[in-house]
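First up is the structure itself, then whatever we jot down about it.
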C-alpha cells in the first residue's frame, strides 16, 4: 500500500508520529512518502543543515520526504503561530495536489487543524481517502493552555473541526475519552477508532545503566519514581506531603527525575521542611532515564484534578509500562482504566494524600513476587496493546478499510 504521511512536524524535529512510525510502516511492507515542513520546532528557527526555500526533497533511512516552505515560528504570539500553521497548510495543499505520487491513503496528523484542511483539498483533487489522527482535542486544548481565550474564535475553530471530521474518511484518537467527546459532537462512532500511543522504544531499549551516584542513591530503598515535567499541572506538592507522612518508614524514598517550572520551588520546600525521603535528579535524555526507571520499585503518574486529564493517557504511562515496573496511576478516567485492565499496579485519587498513601503502602507491603508480576503484566500489556508494532498494525488495518470503502 502507498501511504502519504502529511504532518507539519517530522524528524529531526522532536515529533511523536515521525520517522519511527514511517520506518515501521515500511518494515511491515508499505511504501511511505512524507509531506512536511522545514524543521523549526520548538525554537521557531530553521535547523542547521537546512535552508528555507520553496521545497526540498530528501531521504532519511529509506523514507522519501518532501519538505515545503512555511513561516517558521513557535513563540507565544497567537497571530504568528496561526501564520506558521496556515503557511504550511497552503504549501502542503499545493504540493500535495501537484507534486506528490498518487497514494492509496493520506495519513494526516493533528495538531494543527490546518493540516486536516490541507488533506481535504488534496483528497478532493486526488480522490485519496484520509485517516485523521487526533492527538489534541481542539478547541479544548487551545482554551485549556491559554493559547486562545476569545470565545468567538474558539467557536469558529470548533465549527471548522466539525467540518474536517465530516470530510475525512476515518478518525483515530489516542484514548476512549476523546472518542466519547467526538461522539457527543455528532461524529458517528463507527468512524472513530482508538489507538493508544506508544513510547520512545528506541530510547528505552538503548537505556544505559544509571550513573553510579544514582545507583548508590537508590540502593536498599523502596524507590517511588516520578519522571518527567514538573509543572503546575503535575501538582507535586501533594506528593511531597505524602512523602512527609511516610518518613517514618525508613526505606521508602520518593525520586523526582526531570525539570520544569516547579522544580526549584519543590526542591527548596523539601529542604526547608526537611523532607529527607524526597530526592531530585536533573533532567536527562531518555536513554539515561531508562536506567533510573529500571532501579525503581513503583512508578508514579500524578496530575491535578481536571476534567480534561480524565480523557487522556499521560505519555509517561506507556514508557513506565514498557520498562516493566508496577505503576501507581493517580489520574482518573482512561489512564486509570488502562492500569486496571493491564493489572500492573494501583490506582489513587489525584491530590488526595490519604488515597495516595494507602495505594503506596498497599503495593509496598505486597510480596516481592506479586510486585514482580505486576511489572511483567505491564510489559506484556504494552507489547500486545500499546507498542509501535501493535499500533502500526492497527493503523494499517484502518488504511486497508478506507482504501476499499
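The values are calculated or read from the model by the stated rules, or taken from the named source; none is laboratory data. Only a predicted model underlies this, so the values are computations on that prediction, with no experimental measurement involved. Note that each Cβ is placed from the backbone with ideal geometry, even for glycine, and that neighbours are counted across all protein chains shown.
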Among (1) under 25 Å from the mean Cα position of the chain (by Cα); (2) in contact (Cβ under 8 Å) with a residue 12 or more places away in the chain, residue 397 falls short only on (2)
Criterion: more than 21 Å from the chain's Cα centre (by Cα), outside any helix (DSSP H, G or I) and assigned by TED's automatic domain parsing to the domain that holds residue 31 - qualifying residue of 157, 106, 120: 106
Residue tally, condition modelled with pLDDT under 95 and in contact with a helix residue (DSSP H, G or I) (Cβ under 8 Å, 6 or more places away or on another chain), over the stretch 168-178: 4
Quick one: in the stretch 63-95, which of the residues that are over 12 Å from residue 37 (Cα atoms) and in contact with a strand residue (DSSP E or B) (Cβ under 9 Å, 6 or more places away or on another chain) is surrounded by the most Cβ atoms within 10 Å (Cβ to Cβ)? 63
Residues of the stretch 228-268 being over 21 Å from residue 360 (Cα atoms), surrounded by fewer than 16 Cβ atoms within 10 Å (Cβ to Cβ) and touching a helix residue (DSSP H, G or I) at 6+ places or on another chain (Cβ under 8 Å), in sequence order, are 261
Go through 341, 393 for me and flag whichever is assigned by TED's automatic domain parsing to the domain that holds residue 180, surrounded by fewer than 19 Cβ atoms within 10 Å (Cβ to Cβ) and assigned to a helix (DSSP H, G or I). 393
Selection from the stretch 1-38 of residues assigned to a loop (DSSP other than H, G, I, E, B) and either surrounded by 21 or more Cβ atoms within 10 Å (Cβ to Cβ) or touching a strand residue (DSSP E or B) at 6+ places or on another chain (Cβ under 8 Å) (or both) yields 1, 7, 8, 9, 10, 11, 17, 18, 30, 38
Go through 162, 221, 191, 179 for me and flag whichever is in contact with a strand residue (DSSP E or B) (Cβ under 7 Å, 6 or more places away or on another chain), surrounded by fewer than 19 Cβ atoms within 10 Å (Cβ to Cβ) and farther than 30 Å from residue 256 by Cβ. 191
Tell me which of these residue 359 doesn't satisfy, since it passes every other one: (1) within 24 Å of residue 304 (Cα to Cα); (2) under 23 Å from the mean Cα position of the chain (by Cα). (2)
Checking the structure you have, find out if any residue of the stretch 135-151 is in contact (Cβ under 8 Å) with a residue 60 or more places away in the chain, surrounded by fewer than 17 Cβ atoms within 10 Å (Cβ to Cβ) and touching a helix residue (DSSP H, G or I) at 6+ places or on another chain (Cβ under 7 Å). yes
Restricted to the stretch 69-90, and to residues that are over 25 Å from the mean Cα position of the chain (by Cα) and in contact (Cβ under 8 Å) with a residue 24 or more places away in the chain, which residue is nearest to residue 119 (Cα to Cα)? 90
Could you grab me the full set of residues in the stretch 129-150 that are more than 15 Å from residue 187 (Cβ to Cβ) and either touching a strand residue (DSSP E or B) at 6+ places or on another chain (Cβ under 7 Å) or modelled with pLDDT of 85 or more (or both)? 129, 135, 136
Hits in the stretch 211-242 (condition: within 23 Å of the chain's Cα centre (by Cα) and not in a helix (DSSP H, G or I)): 224, 225, 226, 227, 228, 229, 230, 231, 235, 236
